[in-house]
Amino acid sequence: MNALSGGEAPSFSPLIDAALAAELLGRVRQRRPRVHCITNTVAQEITANAVLAAGAIPSVTIALDEIAAFVASADALLINLGTLEPQHRAVISLAIDTARENSVPWVLDPVFIDRSPVRAGYAREIAGRGPALVRGNVGEIAVLGEGADAPGLARALRTVVAATGATDLVTDGRRSIGIANGHAHMAAVTGMGCAGAAVTAAFVAVGEDPLVATASALLALGVAGDIAGEAARGPGTFASLYLDALHGLDAADIAARARIVAPSGETSP
Amino acid sequence: MNALSGGEAPSFSPLIDAALAAELLGRVRQRRPRVHCITNTVAQEITANAVLAAGAIPSVTIALDEIAAFVASADALLINLGTLEPQHRAVISLAIDTARENSVPWVLDPVFIDRSPVRAGYAREIAGRGPALVRGNVGEIAVLGEGADAPGLARALRTVVAATGATDLVTDGRRSIGIANGHAHMAAVTGMGCAGAAVTAAFVAVGEDPLVATASALLALGVAGDIAGEAARGPGTFASLYLDALHGLDAADIAARARIVAPSGETSP
Amino acid sequence: MNALSGGEAPSFSPLIDAALAAELLGRVRQRRPRVHCITNTVAQEITANAVLAAGAIPSVTIALDEIAAFVASADALLINLGTLEPQHRAVISLAIDTARENSVPWVLDPVFIDRSPVRAGYAREIAGRGPALVRGNVGEIAVLGEGADAPGLARALRTVVAATGATDLVTDGRRSIGIANGHAHMAAVTGMGCAGAAVTAAFVAVGEDPLVATASALLALGVAGDIAGEAARGPGTFASLYLDALHGLDAADIAARARIVAPSGETSP
């Protein structure tokens, strides 16, 4: 089955396919990476549940005297800037230091930096400290880039950037890919993007190439959204069915539904 | 269709009807007001999800150096006193100042003041700073009123007071209205009242008259509860179906189910 | 109906049976004990919802100047060490003091002490201050015991210890019992164990014997898990159906499904 929408980009050679995404999901389930999530309180529960549904193991403490022990024994770290309180900055800084010392890859999710200049400044500061991935919605990535598009931001930060939206764009500044899966209800459930970033961190933990791991994670998450959307009556039941779909996802689901597309224009806000 | 239960109050001329409530719900969905919610951590997720399901945009940060930016760019502010920690008072005070300076209407939800004298005293203090609405359950409103009934409290504070229960009472001290919709499961799901207050704030943001907006919101929320209650197996599935119902609610649902009643005696605890 | 699995322990005389567990559940619903839960933010919502579904009344504040008022007016206290921040220690200490002064039984849940030496040390310190019950998963109880098994730990602390897993072990060091109910999805939903500890605290509040109350609670929770597991499509719908099942649980359900077993070897990690 050809997962590409035919007419769109005849010469486009995608970085991933459904089989590769399924293989990485299988690795997550087998290795059960530990993902430490420094995230906002509103998203903690769905984040932990999505990580569990994908087959990985979440932890969420933000206590200053425990963070180093948790990060050092984790396989990936997520830093989400939602509900950014002053005391969290010391925690985040120590978490990044610990991740770097222990070669634990970390993911930055600059939530709501388009609403708070303080947060935008802080996001720019830590984005320079070597994240394996920066993931935000199109508006947040635009604010972080200060005029640069997603590939430009990826080149400037020497990292992978994922700008999520109706079509997700994943890029390292040279190579790019689009994922057109997912359901409109995903924007009507709080913490869905945050949870997706944590699941993506689990894929990065088990993958060799953060670009491939990120695209694979977004494909798996989008297909889970497609499946849940078909059965849901609205955003409330969707959230439960999304976790069910992620938990039950298999290679055949991904192969049948993958919509991998050329990365054209997705970064414009 | 006459939404009034016939024999109950033949001379009662209600402030709202189903069509007006549906019109305000339509405005929420079209204008998508931003509702900043300072609320307890246990209720944050369902609060954000209910605001999204109604069609508005929630934010929940309580960081002291960000609160002014969030409130100044919001269309309504909710202050919920659950999980009231000392450092939150500075945040709440700055949020109220910012709301007043920017003419952002704010809603006070004095959660659990019947369990904590410290919290009751604090609630009385900020209730005098010009909320557009004070919403609590019957017991909380009684404690806040210190002997005054809901209309008396509304007159003393020069604001709208909503005392929720089997029948919700909404009053500004001169005009009053009762809403008898809703389902018993709403009391068996944590944060349901808090979430309802946040949705009500979204209605206040788009309405001209806070009394009418509040009654309309409580009617929409109650009808969503009725619809969810019919399909639910218990409080767990009810919570999901309630969000679905709120998301899918239309004028015909409200017209068919509205139970607008005379405000008689609902304030006695 | 004989709830014992026949061949396993012919001479085993269990401490509880299905009828006793149902009777205690009935008392929870009738007396509606107040359970104050000091718990991690990720588990707060499902904890409060499980307590409500069982028929009791949760509160979750951790504000230092309110904790004494909440604990003094509660019927049981839960102390969960997830997300342990430094300022929470003063709150926990005051909560324990208040519980002891007011004869409010308290339950310790030493979450994740196998990941954080700081937390393990703190858990050992407060475990000596007279909890009615220490509840953890098998790994956490092993770390807390420092080599002692669950009965040994119970004797050392002079309390009841519950080590949860595929089979839950409940022991006071002399008497022990196993509960083999429950569903695999319970390990795939965050906060499930924390929520179960809070429901157990409600049973302890209405029971005379903490050992019997704890075993009864774990039996009721396990049967609810069995029921939910049959209807669930995955861990997302399971969480909602679990609350439904707990809310609707009756004596016939417990009698039909109880799997009370001899306590053999369940403490080995």
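Data overview
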item: Residue check, B:Pro151 in contact (Cβ under 8 Å) with a residue 12 or more places away in the chain, in contact with a strand residue (DSSP E or B) (Cβ under 6 Å, 6 or more places away or on another chain), outside any helix (DSSP H, G or I) and under 26 Å from B:Ser216 (Cβ atoms); result: no
item: Segment A:154-189, subset open to solvent by 20 Å² or more (accessible area, probe 1.4 Å) and in contact (Cβ under 8 Å) with a residue 60 or more places away in the chain, residue farthest from the other protein chains (Cβ to nearest Cβ); result: A:Arg175
item: Hits in segment C:207-251 - residues which are among the charged types (D, E, K, R), surrounded by 22 or more Cβ atoms within 10 Å (Cβ to Cβ) and either more than 29 Å from B:Met186 (Cβ to Cβ) or out of contact with any helix residue (DSSP H, G or I) (no Cβ under 9 Å at 6 or more places or on another chain) (or both); result: none
item: Filter result for C:Val170 (of a type outside the set (Gly, Ala, Ser), within 23 Å of C:Ala195 (Cα to Cα) and part of a strand (DSSP E or B)); result: yes
item: Residues located in segment B:13-58, provided they are in contact with a strand residue (DSSP E or B) (Cβ under 6 Å, 6 or more places away or on another chain), open to solvent by 40 Å² or more (accessible area, probe 1.4 Å) and either part of a helix (DSSP H, G or I) or farther than 23 Å from B:Ser103 by Cα (or both); result: B:Pro14, B:Leu15
item: So A:Asp97, is it open to solvent by 10 Å² or more (accessible area, probe 1.4 Å), assigned to a loop (DSSP other than H, G, I, E, B) and of a type in the set (Asp, Glu); result: no
item: Meets criteria (at negative phi, within 11 Å of another protein chain (Cβ to nearest Cβ) and of a type in the set (S, T, N, Q)) for C:Ser93; result: no
item: Residues that are assigned to a helix (DSSP H, G or I) and surrounded by 22 or more Cβ atoms within 10 Å (Cβ to Cβ), drawn from segment B:59-90; result: B:Ile67, B:Phe70, B:Val71
item: Answer residue from segment B:119-130, given it is open to solvent by 10 Å² or more (accessible area, probe 1.4 Å) and either touching a residue at least 12 places away in the same chain (Cβ under 8 Å) or basic (Lys, Arg) (or both) and is farthest from the other protein chains (Cβ to nearest Cβ) among those; result: B:Gly130
item: Residue in segment B:104-111 that is within 13 Å of chain C (Cβ to nearest Cβ) and within 18 Å of B:Thr47 (Cβ to Cβ) present; result: yes
item: Failed criterion for A:Arg115 (all others in (1) at pLDDT 95 or above; (2) within 21 Å of B:Phe70 (Cα to Cα) hold); result: (1)
item: Yes/no for A:Ala195 being surrounded by 21 or more Cβ atoms within 10 Å (Cβ to Cβ) and in contact with a Ser or Thr (Cβ under 6 Å, 6 or more places away or on another chain); result: yes
item: Residue match in segment C:52-65 (condition: among the β-branched types (Val, Ile, Thr), out of contact with any Cys (no Cβ under 8 Å at 6 or more places or on another chain) and within 23 Å of A:Val60 (Cα to Cα)); result: yes
item: Condition check for B:Ala74: within 14 Å of chain A (Cβ to nearest Cβ) and either free of Cβ contacts under 8 Å to residues at least 60 places away in the same chain or closer than 27 Å to A:Glu85 by Cα (or both); result: yes
item: Check on A:Glu140, more than 8 Å from every other protein chain (Cβ to nearest Cβ), touching a Pro at 6+ places or on another chain (Cβ under 8 Å) and over 14 Å from A:Arg34 (Cα atoms); result: yes
item: Scope segment B:190-234; condition within 14 Å of chain C (Cβ to nearest Cβ) and over 19 Å from B:Asn137 (Cα atoms); matching residues; result: B:Ala228, B:Gly229, B:Ala231, B:Ala232, B:Arg233, B:Gly234
item: Residue match in segment C:246-268 (condition: within 14 Å of chain A (Cβ to nearest Cβ) and either over 19 Å from the mean Cα position of the chain (by Cα) or at pLDDT below 95 (or both)); result: no
item: From the options B:Leu133, B:Leu157, residue that is aliphatic (A, V, I, L, M) and over 30 Å from C:Leu52 (Cα atoms); result: B:Leu157
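The values are calculated or read from the model by the stated rules, or taken from the named source; none is laboratory data. Only a predicted model underlies this, so the values are computations on that prediction, with no experimental measurement involved. Cβ: placed from backbone, ideal geometry, glycine included. Neighbour counts: every protein chain shown. In case anyone asks, the SASA skips ligands and DNA or RNA and just uses the protein heavy atoms, side chains included. Shrake-Rupley method; radii C 1.70, N 1.55, O 1.52, S 1.80 Å.
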